[in-house]
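Just below is one structure, and these are the notes that go with it.
Read-outs throughout are calculated quantities, based only on the coordinates presented, and are distinct from any laboratory measurement. The structure displayed is predicted, hence computed values, not measured ones. So basically every Cβ, Gly included, is an ideal-geometry build from the backbone, and we count neighbours across all protein chains shown.
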Amino acid sequence: MLSRRGLLIILSSPSGAGKSTLARRLRAWDPNIVFSVSATTRAARPNEVDGADYHFVTEDAFKTLVADGDMLEHAHVFGNFYGSPRKPVQQAIDAGQDVLFDIDWQGAQQIQNSVLGQHTLSIFLLPPSIIELRNRLEKRGQDSADTIARRMQKSWDEISHWGGYDHVLVNDDLDATEAQLKTIIEATRLRRLQQPSLNDHVRTLQTQFQELS
């Protein structure tokens with residue numbers, strides 16, 4: 001009997017708020033948390049492995065998945081389609097694994113409204129300040145000034161949707177935020193919906209009660 005059904009853990013934030021770092025820390029903390037592998041219609045890049053980095057599919061196959069309701073969320077970005085196939089996620093949570101999604105607010109809304117929406121846990125990460133957010137992007141040393149400016153402009157659009165999440169954390173200290181994330185996940189794992197074995201346990205208690213009557 002499965003003791004726990006897995007969660008769909010949605011982690012969103014503006015770029016630079018620490019989402020990727022915290023996602024890696026969660027995976028290191030509990031190997032039972034697995035990353036969602038997205039499907040895409042773009043061609044595989046050198047060293048990318050189908051099924052590990054992405055599920056590489058044709059545009060027709062992608063559109064069929066969407067039409068059949070087999071895509072939890074999807075978007076069209078720079079000429080290619082990206083999305084989260086339902087079946088591997090369903091298989092993972094049915095096996096008691098938690099699936100981690102590193103997605104924006106639009107993808108989060110689609111997943112929350114999907115057939116697996118009742119098993120979602122959505123968390124939004126806020127920066128301590130806009131100045132600190134910009135400083136973090138600059139310290140990365142990965143982007144040009146123009147790219148940083150575009151990311152900053154997009155950040156407010158992301159932040160403005162914070163109210164659509166189950167939990168919102170201000171990430172002013174990575175270690176403290178990591179501890180809060182772990183507490184939230186451990187508590188949500190105890191939700192009634194995530195414990196399918198409870199039904200059988202209550203039926204057993206009922207039988208025992210009737211035998212004593």
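List of remarks:
- Label-to-label distance, nm, for residues given as Ala28 and Lys182 (7 Å Cα→Cβ offset): 1.2 nm
- Protection proxy ranking of 8-18, 183-193, by the mean of other Cβ atoms within 10 Å over each peptide's residues and highest first, is 8-18, 183-193.
- If R0 is 35 Å, the Cβ-Cβ spacing of Trp156 and His76 corresponds to a FRET efficiency of close to 0.95.
- For Asp104, net neighbour charge (Lys/Arg +1, Asp/Glu -1) across residues whose Cβ lies under 13 Å away: -1
- Between Arg203 and Val168, the simple label model (points 7 Å from Cα in the Cβ direction) yields a spacing of 4.3 nm.
- [x] 8, 25, 21, 17, 15, 10, 4, 0; [y] 8, 29, 33, 20, 6, 3, 1, 0; [z] 9, 39, 38, 12, 1, with the label sought being that of the calculated P(r) over Cα pairs in 10 Å bins from 0, in percent: [y]
- The distance between label points at Ala44 and Gln91 comes to 1.7 nm (points 7 Å beyond Cα on the Cα→Cβ vector).
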